[in-house]
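Notes to accompany the following structure.
Here, each number is a calculation from the coordinates, and none is a lab measurement. Quantities reported herein were computed from a predicted structural model and do not represent experimental measurements. So basically every Cβ, Gly included, is an ideal-geometry build from the backbone, and we count neighbours across all protein chains shown.
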Amino acid sequence: MRSSSAGPNLVTQESPSAYQRYHISTRLAPDLEKWPSRFKVHVRKTGLAKLLVKELIHYRGRLAPVLSRPCMYGVFSGPIGGFAPREHLCVGCLRCTTEFPDFVRVEHNAERRKLGDSYFTFNYMDAISYEASTGLIPVKGAGYRGKFGGEGWDGMWTDMSEIVRPTRDGIHGREFISTVVDIGYTPNFLLFDENDKPYGAEPHSFSIPLPILFDASPNHSAEKLAGIFALAADQIGSLAVLPFDEVLKLADFGESVAPVLLPEDGNRIHELDFNPRLIEMQGWDQPLFDALGERFPESIVALRTGFETEETLLQYFDRGVRVFHLLADLHGRSMDGRFVLDLIRTAHKRFVDAGVRQEVTLIGSGGIIAAEHVAKAVLCGLDAVALDTPLLVALQAKFNGDAMERGNSSFSFPDSLSEEWGVQRLKNLAASWRDQLLEVLGAMGLREVRRLRGEMGRAMFMRTLEAEAFADIEGYSGGSP
Amino acid sequence: MTETFASPGASLRTFTGEQLIVAKHVANLHNGFAFWPRAEEGPPALGDYRWTEDLILATWLMAETGRPPQNGLEYKVGASGGGFDLLDFKFLPQDQWLPVGVEIDLSIPLNKRGEGVEIEIPIPIYGGGMSYGSVSEQVMQSRARAAQKWGTFTSTGEGGYPLSLVPYKDNIITQVATGMFGVREETIQYAPIVEFKYAQGAKPGLGGHLLGDKATTTVAAMRESVPWVSLFSPFPFHSVYSVEDHRKHVDWIRTTNPRALVSVKVSTPTDVDMVAVGSYFAGANIVHLDGSYGGTGAAPEIAKKNIAMPIEFAIPRVHKYLESENVRDQVTLMASGGVRTAYDIAKAIALGVDGCVLGTAELVAIGCTRCSNCERGRGCPFGLTTTDPLLSQLMPVDWGAERLSNLYEAYAFQLRDILRKLGLKSIRALRGRRDLLKYIG
């Protein structure tokens, strides 16, 4: 069994000098397949020809001004310039059409806007493409361009700390912000006998260096993808949650893979000849839960179930479950139509009200498709997220129709997808999202992501803010703050 | 369209190739800025939810004519589906409007503390900080000239104080930001107002960003940094951990320049109301709230939408809290970050601020298409957010100053019109009048 190449941020007593600040190694991994260009550039050739003739005469043959083009991004830099625009280079600045409105036209490429599906829209795909290619944080000028707010993630803002804060400078600073999270069970307190020996429940958990796991839906985890997920998770010190059969082939990554067992896999657990850090049980099965606990006492056994079972979460807790992997559909909805953000808050609060939140770990999947969703999901109560469709998009998956149901979604991948490229893309994505999480944590002045969990005082919701600001304005019917 | 070549009749031999290139593109651009607002359809790829195609074209037209458009362009609201875009005014019936000839006062005081220099600006707007490096020196000069003409202010931003701005120093706010770039005793002494930038709306909780390609040798010299190396300003001030520390900061400025008013620019966290009150009690004359939807420079995308609240929500919160602390009339409250139009300004004032600070609107007036490529490579292809020596010539200083002045003129015209239809003779009387607004969502 291989050990993880990037473990949590711990200084061991044996080798204090071995401490290394957690770091994900990024490297440029450009797209394998070109997506449709962002813009279509139309140049009326007669108009351009006339202009060139006119300018040649006006400038008496001086070529410098004649050949000076209204584009600094190279759209007209081909051998025949504007007669064959290189529209894949267009960034939509519109300088060309501003200068030559009568024969240059730039428009959004409708084909590009068809990428993704009704939830995973092209804007999200663009962001992930950049993040997976570079490992960098997307930075742009000119402020925010989108809608004011909206439902779901868009109806929520995170806080920042103006002056008083223990962190400095976010990702660029010297002070450390930890993204380590614990997966497993932590008792609220320890008990000691008269000999000062602990007794009763003991902590049973492991740590991963970032609150991001990779979750492979069974339908999309061809062998090659499972290997990519496992290797990438191994290299960043996280976990790839994979179908049982795939895990059996990936024993080398035992530290970094977590098998998902379906009820029918119950009589095959003996085939698993190593102790995974995490085992997920798809749906509740008491005999299987007991059998897994007995056979793999070192492993954490999690219940993988829909958010809609929130009413029974405490019952599962009473039966011994301490780690829950809660699933919304790929559009972030539960069976009854509620959005994942509200589902997370409800689940978190249920355990808080029962006084056992510290004892459980909540992992969530579904509808978490952008870096900001990670921060918001943790803020609403998750310990960690397990990414699904973003991983596929990072690997340049194309959506074959709307991808909402895990079992009924279809994606196609580049033919030339290689393990090396795929692993780097996932590492880049993880690095970019972790850095963005650090930006959010740094802005709030939080030194570790564990403190972000359920920190609702640092969440702002549009409905509340709008009611507070506009409640006394005529026509407002959104209720009181 | 008008002629698109360099000065007709001039001897071409007297011009260098570079001059001809610049002249050609400047003329073409100016024609384009005049053409598109009058065209039946705008450029198909122009605009977004916040700054719609109509808002951009209307701003171009106002910057050319000094009047709001009369050709059907929507110049009052965007299409964001929230905030200012869902508010409107409850105008009086037409027979109760103030007559056209009635004088309407748009001035606001910037020092209400009852001590120190009294400064009043004739319009309730001034220019926000845009640093040398994030924008060209030409843009800074244009803004300074427009501010001087109107008797208002513009801010240096955090990139230092170019010498070319010194002739306009009576209308320039020196910004002291966390990077402390170019902050020296003399630049503090130049200033009638010194602005502490604790945070900025586009990237709350993060420092300023100037990516390496734009950190030219001149920019780096101004900032005392290394050329072509990205600059990420720290956040927050490394010498300020508390309101008490902030008070010491204010004392530092007042010791260096006793006549300067102090402005404190903050972002909009959940406790923005308490931050504002703390700033006041630490000695601020102006509290400047910078909402999360503005910004003119490079910023992480995650910060723009997700961190801190929009200005529309922060204003009433701060205004009411200052009132409850009985200090509202001792402090000037300014807002920025998503203020796009004269109507936004008036709505912000009705929600509770005294005036507004402009950034993006000014850049749009001088040719910004909001393409978001400010940080890419050499910077803005229109010569605005760039320090490239060639590109920055695309925005001539005189032309820019005239455009900005015209924009102010158009805004002042509309603000007077709004007040007239509300039966108010002073912009000060509009402050906090939420009863004059209606929600149209």
Per-residue Cβ contact counts at 10 Å, fewest first, order A:205, B:405 as A:205, B:405
Using the basic label-point model (7 angstrom from Cα toward the beta carbon), what is the residue A:50 to residue A:419 distance in nanometres? 6.2 nm
R0 = 22 Å: FRET efficiency of residue A:312 with residue A:338, Cβ-based, nearest 0.05? 0.85
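Among the listed pairs B:248/B:425; B:149/B:197; B:214/B:320; A:249/B:304; B:76/B:265, give every one whose C-alpha distance is greater than 32 Å. Before the final figure, lay out the partial values.
Working: B:248/B:425 40 Å; B:149/B:197 25 Å; B:214/B:320 42 Å; A:249/B:304 44 Å; B:76/B:265 26 Å.
Too far apart for the 32 Å limit: B:248/B:425; B:214/B:320; A:249/B:304.
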Once both labels are modelled 7 Å past Cα along the beta-carbon direction, what's the residue A:86-residue A:472 spacing in nm? 6.0 nm
Going by Cβ distance under 4.7 Å, what cysteines of the protein assembly as shown have no possible disulfide partner? A:71, A:90, A:96, A:380, B:356, B:368, B:374, B:380
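What does DSSP give for chain A in terms of the percent of beta bridges that are antiparallel, rounded to the nearest 5?
On the way: 18 of 47 bridges.
Antiparallel bridges make up about 40 percent of those DSSP assigns within chain A.
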Counting Lys and Arg as +1 and Asp and Glu as -1, what is the net charge of the other residues whose Cβ lies under 12 Å from the Cβ of residue A:94? 0
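DSSP loop trypsin sites (Lys or Arg not before Pro) in region A:319-426 with at most 15 other Cβ atoms within 10 Å of their Cβ, which ones? Present the calculation step by step, with values, prior to reporting the outcome.
Details: sites: A:319, A:322, A:333, A:338, A:345, A:349, A:350, A:357, A:376, A:398, A:406, A:425; in loops: A:319, A:322, A:338.
Within region A:319-426, the qualifying trypsin sites (Lys or Arg not before Pro) (loop, at most 15 other Cβ atoms within 10 Å) are A:319.
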Taking the alpha-carbon distance from residue B:347 and a cut-off under 12 Å, which aspartates and glutamates remain once sequence neighbours fewer than 8 residues away in the same chain are dropped? B:85, B:88, B:312, B:435
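Region B:1-101: which chymotrypsin sites (Phe, Trp or Tyr not before Pro) are DSSP loop and have at most 16 other beta-carbon atoms within 10 angstrom? It would help to have the intermediate numbers written out before the result.
Numbers: sites: B:5, B:15, B:33, B:35, B:49, B:51, B:60, B:75, B:84, B:89, B:91, B:97; in loops: B:5, B:15, B:49, B:51, B:75, B:91, B:97.
Hits after loop and neighbour filter: B:49, B:91, B:97.
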Using a Förster distance of 60 angstrom, determine the FRET efficiency expected from the C-beta separation of residue B:433 and residue A:42, and round it to 0.05. 0.75
Can you order the peptides A:102-108, A:198-204, B:138-144 by their average number of other Cβ atoms within 10 Å per residue, highest first? B:138-144, A:102-108, A:198-204
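If you build the convex hull over the alpha carbons only and average its shadow over all orientations, what do you get for the protein assembly as shown? Give it in nm² to one decimal.
Details: hull surface 167.1 nm².
Averaged projected hull area, Cα only: 41.8 nm².
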So which lysines pass the test for residue A:50, namely a Cα distance under 17 Å, with those fewer than 8 places away in the same chain ruled out? B:24
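Averaged over its residues, how many other protein chain Cβ atoms are within 10 Å of peptide B:225-232's Cβ atoms?
Values: counts 0, 0, 0, 0, 0, 2, 1, 5.
Other-chain Cβ atoms within 10 Å of each residue's Cβ, averaged: 1.
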DSSP loop (so not H, G, I, E, B), at most 16 other Cβ within 10 Å: list which GluC sites (Glu not before Pro) in region B:253-333 pass both filters. B:325
Bin by bin, in steps of 10 Å, what percent of the Cα pairs in region B:108-439 do you find, going until the bin that has the longest distance? 6, 28, 38, 22, 5, 0
TM-like helix rule applied to chain A (DSSP H, alpha carbon span at least 15 Å on the long axis, mean Kyte-Doolittle at least -1.0) gives A:45-58, A:122-134, A:223-236, A:340-353, A:419-444
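Calculated FRET efficiency, residue A:113 and residue B:49, Cβ-Cβ r, R0 22 Å, to nearest 0.05?
Numbers: r = 15 Å, r/R0 = 0.68.
Here the calculated transfer efficiency is 0.90.
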Between residue B:16 and residue B:326, what is 0.36 nm times their sequence separation minus the Cα-Cα distance? Round to one decimal in nm. 105.2 nm
Just tell me which lysines come within less than 16 Å, Cα to Cα, of residue A:45; anything on the same chain fewer than 8 places away is out. A:54
Please compute, for peptide A:462-473, the average count of beta-carbon atoms on other protein chains lying within 10 Å of each residue's beta-carbon. 6
For A:453-460, mean number of other protein chain Cβ atoms within 10 Å: 2
